[in-house]
Amino acid sequence: MTLLNAAATGAMGLVAGMSLAQHAPEHGPVERSPWREAAGVAAAALAIAAAITGWRSKARAPLVASAALAVARSAAGAERVPIHLRRNEIVSGETELIRLYRRDARLSGIRALLEAATLGSLLFASARA
């Protein structure tokens, strides 16, 4: 359990670090890549595995919470910004892009918050085990 928890903590730390690097003002917007999404899914899988193996430990509650938060983060990461090209919806190309950009920014913020919460709960589970 300790090894899986350490692996999940490291993977989630990596994912959270990539998310923070994306929001750094000096770098500008960073494109989402399949590798970043794969890292998020791998971190969620490790968090779930740590929660399963630590089911009977004293750190069960934070491990289960971290697994749930990691799954929620992966679900938020899987949400792609759709571009609808229906005539009735689009007022102009610029307003549609602004709307999509704001939606993507909100999803990015939610993902970052979930990553930080997952990392915190994994660290708390490490301290408790």
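Residue by residue, the stretch 61-78 carries 3J(HN,Hα) couplings of 4, x, 5, 5, 5, 5, 5, 5, 5, 5, 5, 5, 5, 5, 5, 5, x, 6 Hz when phi is fed to the Karplus relation 6.51 cos²θ - 1.76 cosθ + 1.60 (θ = phi - 60°); x denotes Gly or Pro.
Other residues within the sphere of radius under 15 Å centred on the Cβ of residue 53, judged by their own Cβ, net out at +4 (K and R +1, D and E -1).
Under the simplified labelling scheme, the residue 110-residue 94 pair shows an inter-label distance of 2.9 nm, with each label point 7 Å from Cα along Cα→Cβ. With a Förster radius of 35 Å applied to the C-beta separation of residue 6 and residue 103, the computed FRET efficiency comes to 0.50.
Here, each number is a calculation from the coordinates, and none is a lab measurement. Given the structure is predicted, the values throughout are model-derived calculations rather than measurements. Positions of Cβ are backbone-derived with ideal geometry, glycine not excepted, and every protein chain shown enters the neighbour counts.
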